[in-house]
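Have a look at the structure below, then the notes.
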Amino acid sequence: MTQATPEITSLPDLLAVAWRIEADAVERYQALAAQMETFNNAELAAVFRDLARAEGIHAEEIRRMAGDLDVAARAREIDPWRSGESPESADLAEAHYKMTPWHALQLALAGEQRALAFFDHILKTATDEAVRKMAAEFVEEENEHVDLVRRLLRRHREPSENWSEDPDAPVAQD
Amino acid sequence: MSTAEMRLACKPGDYKSDVQPVWCPGCGDYHVLMSFTRAFAALGLPPEKIAVISGIGCSSRIPAYTNCYGFHGVHGRSLALAAGLKVTRPDLTVVVASGDGDGYSIGGNHFLHACRRNIDMTYVVMDNRVYGMTKGQPSPTTEPDFDTALSPGGTGVRPFHPLVIALASGANFVARAFSGSPNETADILVEAIRHPGFSFIEILSPCVTFRPDEKEWKSMVRPAPVEATDDAARAARRLMTDDGFNIGVLYRGERRPFQPPFGRADADLTALETEFVL
Ligand SMILES: Cc1ncc(C[n+]2csc(CCOP(=O)(O)OP(=O)(O)O)c2C)c(N)n1
Ligand code: SF4
Ligand SMILES: [Mg+2]
């Protein structure tokens, strides 16, 4: 997955794209939770549902900040991910039916880091003062999220190398 | 609503059904589904104007996950079904989904003749170089040294080159995409659907369960180094040096699509029944 960097020149556009980043992340975590439910991995489904909830709260905060602006409609007009992917969305290709909460949090960490890089890029390249100010706030927030995921990760031990081995594998392939 | 307004109003989510996919987590087909829904939204087509037709295989489950018209058909016969549908309902956008087993083994002959016939539809083969659904047997695109309990020592058989076959058989649009780049794949789909005649897209879509090695494809694919051509001979020469990982549109042809003059979609049902009474 390549990361997209649309050019953002106004505060409403920044808010719309920021909202879209969070909304995309919610949708992706919900999809992963549903996959894990299908594969009877309830523990992991709960982790992905929690991550979706957290991103949903961020999306709602941005919507409130945007006031009367219809962030969803504006984001659709900008169509920010014409190429590449929404930065905070977990990579579906990294999922595995035997993955653990540690892996889920690694996906979350990578997403938060991509979002941080995205807003940092806007902060460094935007010429509009209001955009720069808001981008700086988003950078600060994303930094907090990165720290939070790192703290959560400390609660989980890194799984052993053979974590994906299945004693009841789909078929003998050796 | 104008087409432009329709396009703005359409969201990829509008094309998803309520059926939860049962693909293995990490399967490339999830991304292909995403590309389908993004492409349909970008085209601004109402779901009831699209028909997704498939055969059998993990990849062929895709129609159930969209809320367009769909037909999960018989193994290897998706193109035959789709051809029948398109000639009787030319107003529908017909997208055919298949796998390398469904489309190149049992359905191989249909592939050749669908390319020749050049009916206006889009054929997507999700190629994972394995029979995923039946648990890992080699397919026509599997490497000859794919050595597993199901193919000890490998098959030793030369793999099939789908793009060469499509081009040689007369497909009017030929492209390769990678599931892990869903937006780029959606763009190719949009172009393929808009292009008149038979469009063929091979989508490299890893099977993480029976071909975990295909996770590496992410670092192996690259944009094709040359622009698409409308010259079939030039496209053929490019394929001579193709290693299977060049992504993009290879060929845009100009053949006129085949559309027989008889459309029976509005035929009187009673008259039809009478015609078929033995
Ligand atoms: C007539 C018939 N023969 C054989 C099968 C068994 N079968 C089901 S799916 C499949 C191969 C699927 O491979 P592919 O098209 O590559 O799909 P994938 O599962 O890899 O996506 C086979 C041989 C069948 N369903 N019907
Ligand atoms: S078996 Fe392979 S192709 Fe089928 S759903 Fe699983 S990963 Fe995908
Ligand atoms: Mg296959």
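The values are calculated or read from the model by the stated rules, or taken from the named source; none is laboratory data. All values derive from a computational prediction rather than experimental measurement. Note that each Cβ is placed from the backbone with ideal geometry, even for glycine, and that neighbours are counted across all protein chains shown. For accessibility, only protein heavy atoms count, side chains too; no ligands or nucleic acids. Shrake-Rupley method; radii C 1.70, N 1.55, O 1.52, S 1.80 Å.
Summary table below
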{"quantity": "Residue satisfying all of: in the stretch A:37-60; surrounded by 23 or more Cβ atoms within 10 Å (Cβ to Cβ) and within 14 Å of another protein chain (Cβ to nearest Cβ); farthest from residue A:77 (Cα to Cα) among these", "calculated": "A:44"}
{"quantity": "Conditions (1) out of contact with any strand residue (DSSP E or B) (no Cβ under 8 Å at 6 or more places or on another chain); (2) over 24 Å from residue A:97 (Cα atoms): number failed by residue B:139", "calculated": "(1)"}
{"quantity": "Members of the stretch B:139-171 found to be out of contact with any Asp or Glu (no Cβ under 9 Å at 6 or more places or on another chain) and open to solvent by 30 Å² or more (accessible area, probe 1.4 Å), listed by number", "calculated": "B:143, B:144, B:145, B:147, B:150, B:152, B:157, B:158, B:165, B:168"}
{"quantity": "Qualifying positions in the stretch B:65-92 - away from every other protein chain (no Cβ under 14 Å) and within 16 Å of ligand 2 (Cβ to nearest atom)", "calculated": "B:72, B:75"}
{"quantity": "Elements of type strands (runs of 3 or more DSSP E) contained in the stretch B:154-258, each with 2 or more residues being within 16 Å of ligand 2 (Cβ to nearest atom) and under 16 Å from residue B:141 (Cβ atoms)", "calculated": "B:198-204"}
{"quantity": "Only listed residue being away from ligand 3 (no atom under 16 Å from the Cβ) and either free of Cβ contacts under 8 Å to residues at least 12 places away in the same chain or touching a Pro at 6+ places or on another chain (Cβ under 8 Å) (or both), chosen from B:270, B:209", "calculated": "B:270"}
{"quantity": "Those residues of the stretch B:106-123 which are within 16 Å of ligand 3 (Cβ to nearest atom) and surrounded by fewer than 19 Cβ atoms within 10 Å (Cβ to Cβ), in sequence order", "calculated": "B:106, B:108"}
